[in-house]
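**Student:** Sharing a structure, written as structure tokens. Questions coming.
The values are calculated or read from the model by the stated rules, or taken from the named source; none is laboratory data. No experiment lies behind these values; they were computed from the predicted model shown. Here the Cβ positions follow ideal geometry from the backbone for every residue, glycine too, while neighbour counts run over all protein chains shown. With ligands, DNA and RNA removed, areas are computed over all heavy atoms of the protein, side chains included. Shrake-Rupley method; radii C 1.70, N 1.55, O 1.52, S 1.80 Å.
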Amino acid sequence: MPCTLRTFGVWLLLILTVSLVAETRTLVTPSNGLRPKMSKDNDSAASTNSSLMDRQQNSFTLPVEANTSLSKPVDTKAVLSCPRITQKAVLVTVRWEIILRDKPACTRAYRRDTNETRAINCSDKTISWDSRPDRNPALQINPVAITHDGYYRCEVVTTHGHFYHGYHLKVLVPPDVTLFQLENGTIVCRAAAGKPAAQISWTPGGDCHTVEEPLGNDTVTVQSSCRWEDHRVSNVSCSVSHLTGNRSLSVERNSGVQSVVYVRTVYIILPILIILVIVGSICLWKIRVCRKCKLKKREANSVVEEDEMQPYASYTEKNNPLYDTVSQVKRSDVLQNEADGLCLHTSYITGI
């Protein structure tokens with residue numbers, strides 16, 4: 001009997017122990033997989049702790065690198081900004097990496113603890129810090145040139161992690177647009193040295209042919225030639241589309257040919273008129289000089305003749321009037337010939 005009671009007591013104690021363990025497991029981990037009910041205070045504390053842990057994990061997670069395509073017209077100013085950082089984050093270093101075509105990579109860096117800036121393989125003076133890198137680590141390009149096409153990458157290191165931002169810079173060059181008409185009636189619209197190539201359209205449309213001529217500095221000249229068989233078309237327009245802006249020019253179909261003929265006529269007639277005026281002026285001057293020479297010679301010869309022949313004249317007048325008349329006629333002929341020779345000599349000297 002006592003052994004049987006002892007055995008029964010041991011079995012009863014074992015059953016109670018197993019039942020207590022099972023109840024404890026049920027309280028800790030319910031069979032339905034749900035969390036045990038908690039008070040409001042415990043729930044808010046748990047959510048706060050989880051949000052703090054999430055923030056800490058996010059602050060140490062590197063963000064995805066962002067890239068931006070940026071277009072800037074030539075001869076303007078471009079400012080490239082680094083990624084923004086929070087106010088609580090402390091700046092440690094800033095590093096700009098500049099990769100241009102056919103040039104070694106340039107690096108500009110700033111270190112906050114030593115307040116030191118450094119440039120490696122950076123020979124272009126137009127690329128510099130926009131202001132003090134400790135306040136604003138942006139990069140500026142002033143003025144923008146065609147050679148500044150490339151990739152610019154900013155790396156910011158803070159106490160909250162690393163941040164990156166890149167720019168694919170594309171420089172735009174506006175084309176020089178002209179519209180003119182050829183002698184055969186063809187109208188030509190030209191967009192010279194543009195980057196990228198411009199697009200040309202006509203109003204109204206005609207028989208057009210467009211060609212592109214790449215230049216050595218990444219610019220392209222586009223030329224479009226058009227003809228219209230319809231004689232009712234008197235005014236045509238050329239529209240040039242470009243990223244830097246659109247332009248439109250118009251022209252009368254016949255005005256170009258008339259203007260060319262007029263210009264050619266002026267260029268031919270004007271030199272002839274100038275030559276005629278010069279030759280006429282020289283001839284008039286020559287005639288005046290010859291007349292003055294003749295008059296002066298006649299006056300001088302008459303005075304000399306009177307002075308030299310006056311004593312003999314009284315004698316000849318009394319004795320031989322006929323001889324005096326003949327001699328005077330001969331002398332006048334000789335003086336006339338001398339005057340003519342002098343005028344010819346004068347004309348030879350003047351080059352006429």
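**Student:** Among the numbered criteria (1) open to solvent by 60 Å² or more (accessible area, probe 1.4 Å); (2) over 30 Å from the mean Cα position of the chain (by Cα), which single criterion is violated by residue 123?
**Tutor:** Result: residue 123 fails condition (2) only.
**Student:** If I go through segment 215-247 residue by residue, how many of them are of a type outside the set (Lys, Arg), open to solvent by 80 Å² or more (accessible area, probe 1.4 Å) and without any contact (Cβ under 8 Å) to a residue 40 or more places away in the chain?
**Tutor:** 4
**Student:** If residue 66 meets every condition in (1) at pLDDT below 90; (2) farther than 15 Å from residue 168 by Cα; (3) small (Gly, Ala, Ser) apart from one, which number is that one?
**Tutor:** Single failed check for residue 66: (2).
**Student:** Okay, moving on. Does residue 175 meet the test of being buried (at least 16 other Cβ atoms within 10 Å of the Cβ) and under 23 Å from residue 70 (Cβ atoms)? Before you say what the answer is, go through the steps one by one.
**Tutor:** Details: buried (at least 16 other Cβ atoms within 10 Å of the Cβ): yes; under 23 Å from residue 70 (Cβ atoms): yes.
Yes, satisfied.
**Student:** Regarding segment 134-148, can at least one residue be identified that is over 18 Å from residue 100 (Cβ atoms), within 24 Å of the chain's Cα centre (by Cα) and open to solvent by 20 Å² or more (accessible area, probe 1.4 Å)?
**Tutor:** No, every residue in segment 134-148 fails to be over 18 Å from residue 100 (Cβ atoms), within 24 Å of the chain's Cα centre (by Cα) and open to solvent by 20 Å² or more (accessible area, probe 1.4 Å).
**Student:** Pick from segment 191-214 the residues that are touching a Leu at 6+ places or on another chain (Cβ under 8 Å) and part of a strand (DSSP E or B): which of them is least open to solvent (accessible area, probe 1.4 Å)?
**Tutor:** Taking the candidates together, the pick is 195.
**Student:** Could you list, in sequence order, the residues of segment 169-191 that are of a type in the set (D, E, K, R) and under 19 Å from the mean Cα position of the chain (by Cα)?
**Tutor:** Across segment 169-191, the qualifying residues are 170, 176, 190.
**Student:** What pairs come up if the first residue lies in segment 137-155 and is of a type outside the set (Gly, Ala, Ser), the second is in a helix (DSSP H, G or I), and their beta carbons are under 9 Å apart, counting only those six or more places apart or on different chains?
**Tutor:** Within 9 Å, the pairs are 141/148.
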